[in-house]
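Worksheet: the structure to be examined is printed underneath.
The values are calculated or read from the model by the stated rules, or taken from the named source; none is laboratory data. A quick note: this is a predicted structure, and the numbers were derived from the prediction, not measured. Positions of Cβ are generated from backbone atoms using ideal geometry, with glycine treated the same way; all protein chains shown enter the neighbour counts. Accessible surface is based on the protein model in full, side chains and every heavy atom, while ligands, DNA and RNA are left aside. Shrake-Rupley method; radii C 1.70, N 1.55, O 1.52, S 1.80 Å.
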Amino acid sequence: NNASDPWSSWNVGKSGNWDNGNAVDSWATKPESAAGQRNSASNNWETAATFGHPQAYQGPAAADDDDWDDDWDDPKSTSPSYLGYKETEASEAGGVQRGNSRAAAMKLPLNKFPGFAKPGMEQYLLAKQLAKPKEKIPIIIGDYGPMWVYPTSTFDCVVADPKKGSKMYGLKSYIEYQLTCTNTNRSVNHRYKHFDWLYERLLVKFGLAIPIPSLPDKQVTGRFEEEFIKMRMERLQAWMTRMCRHPVVSESEVFQQFLNFRDEKEWKTGKRKAEKDETVGVLIFSTMEPEAPDLDMVEIEQKCDAVGRFTKAMDDGVKELLTVGQEHWKRCTGPLPKEYQKIGKALQSLALVFSTSGYQGESDLNGAITEAGKTYEEIASLVADQPKKDLHFLMETNHEYKGFLGCFPDIIGAHKGAIERVKESDKLVATSKITPQDKQNMVKRVSTMAYALQAEMNHFHSNRIYDYNSVIRLYLEQQAQFYETIAQKLRQALSRFPVM
């Protein structure tokens, strides 16, 4: 469904086909080693264990939310069918469509914000002098190429304790979640719409340099059902953990304000300040300072093309695994358990027939056959429950990365647009529309963009390697345990049969 595919405009590009053969270059394949820069092992990013929360600030007053959108979206929003929810025709053929309205993230909201209005890229490339923003985002050269500077200490945010609240004398209800930072042990409460606000602000500010994955879908019906609340909280937790992992996003003022405001006044002040931020869109690159010499245009274009090929190929691979996983989930929770149940019932029926023969010497055999039938019914239950123990986590990780990868067409588009502007600059110099110094500035600024793209890809690859190593190990471990349990039950059933 090309209408919902953020990659549809990139399927045929100037850089050639999106084939796996040239998908990766030397810097893109190596995991990032933050330890080469500082002693921060990858395990530091793991989700912290649950702990007791201090008294939490109860969030902005209800009156402050009246001018916000409601907690739900259009009626087409659905939950993944692999979790037992009904599919809709709108879901994509490749499996579960998560956050589809946000997958091609920047096409909808960004035009109304500074930095994204046309001519867009020229605001950054051709500005005589860029404003000096207060925030600076350094880029250093690490063991595997350009890197963001990682903070000396890391933190996570625990999303917990969903509680139902109401306003307008009970006419409107909502679910509020408690967020607790592991580095401060302070808590604040936020509704889904507050997460949505944060998502939009991060998208507007960083979206052309850093992939900001979409939030879990909004939903019209069933919003207060326990299973839905549990699933939403799990996905909000995963989203917040991703944001906390990112060294640029996690240290940004808007993200810190979202987690650490102390009262309603501070929340409102920070909210208004974030909404007035003009260092957004292409202007985010003006805050970046690579500690490295400028790149030449050939290398810049090669790096951009390599990122495009890899992310498109990975997007295809992730969608294929989602499709296969969803089909397997349906089979494990539908036809397969029924087949085992049929075998079990057939064996028990056979034992019942044997018992009517009146022959005294077959009671042990009849009992063993009956127990074997019951064993197959137990196996049916194990098969139906198993996807929740292993496939669920593999599917969720793929959904997260599908969200990341859906952001890259816009990021790559911005970079390719900047490269094309530089290519056209010779004509502008020849016609005296810009000066040679202007062109030199353009090359320098596109070089900064290229360093940012490489730094982001180093972060992306290090997380990808860690995440897929962890989740596939978990999947195989659980699968091995699952089949060992089945084998043990079958051996127990076998031991009941008399030896002839």
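Taking 1 over the mean of 1/r across every pair of different Cα atoms in segment 382-500, what Kirkwood radius in Å do you get?
Computed over Cα pairs of segment 382-500, the Kirkwood hydrodynamic radius comes out at 19.4 Å.
Amide H of residue 142 versus every other amide H placed in the peptide plane: which residues, excluding those fewer than 5 positions away on the same chain, fall under 5 Å?
147
State the Kirkwood hydrodynamic radius of segment 334-388 in Å, one decimal place, computed from all pairs of distinct Cα atoms.
11.7
May I ask you to rank 396, 301 by accessible area, largest first, using a 1.4 Å probe over the protein chains only?
301, 396
Can you give me the distance in nm between label points at residue 132 and residue 381, each placed 7 Å from the Cα along the Cα-to-Cβ direction?
Output for this residue pair reads 7.1 nm.
Enumerate lysine pairs in segment 421-500 that are 8 or more residues apart or on different chains, then count those whose Cα atoms are under 15 Å apart.
Going through segment 421-500 pair by pair, I get 4.
Grab the Cα-Cα distance for residue 342 and residue 490, subtract it from 0.36 nm times how many residues apart they are, and report the gain in nm with one decimal.
Result: 51.7 nm gained on full extension.
Compute the accessible area per residue over segment 334-388, keeping the other protein chains in place, probe 1.4 Å, unit Å².
Accessible area per residue: 58 Å².
Applying the Karplus parametrisation 6.51 cos²θ - 1.76 cosθ + 1.60 with θ = phi - 60° to the phi angles of segment 321-327, what ³J(HN,Hα) value in whole Hz is obtained for each residue in order, glycine and proline being reported as x?
5, 4, 5, 4, x, 5, 5
Note down the relative contact order for segment 334-388 as a percent, whole number, built from C-alpha pairs under 8 angstrom at least six residues apart.
Dividing the mean separation by the residue count of segment 334-388 yields 54 percent.
Could you list log10 I(q)/I(0) for segment 359-411 at q = 0.18, 0.25, 0.28 Å⁻¹, which the Debye formula gives when each Cα is one point scatterer?
-0.73, -0.91, -0.97
If R₀ is 35 angstrom, what is the calculated FRET efficiency for the pair residue 276 and residue 423, using the beta carbon separation as r and rounding to 0.05?
0.50
When the accessible area of segment 334-388 is split by element with a 1.4 Å probe, what percent falls to carbon and sulfur?
Carbon and sulfur together cover 57 percent of it.
Please list, ordered by chain and number, the residues whose modelled amide H lies under 5 Å from the amide H of residue 187; skip anything fewer than 5 residues away on the same chain.
Counting only residues 5 or more places away or on other chains, the set is 57.
Could you tell me which of rounded, prolate or oblate describes segment 308-410, using a ≥ b ≥ c as the square roots of the eigenvalues of the alpha-carbon gyration tensor, with rounded for a/c under 1.5 and, failing that, prolate when a/b is larger than b/c and oblate otherwise?
Because a/c hits 1.5 or more and a/b exceeds b/c, segment 308-410 counts as prolate.
So, by mean Cβ neighbours within 10 angstrom, what's the order for 208-216, 366-374, 491-499 with the highest one leading?
Averaged packing, sorted descending, gives the order 208-216, 366-374, 491-499.
Give me the percent of the accessible area of segment 181-292 that comes from carbon and sulfur atoms, probe 1.4 Å, all protein chains in place.
45
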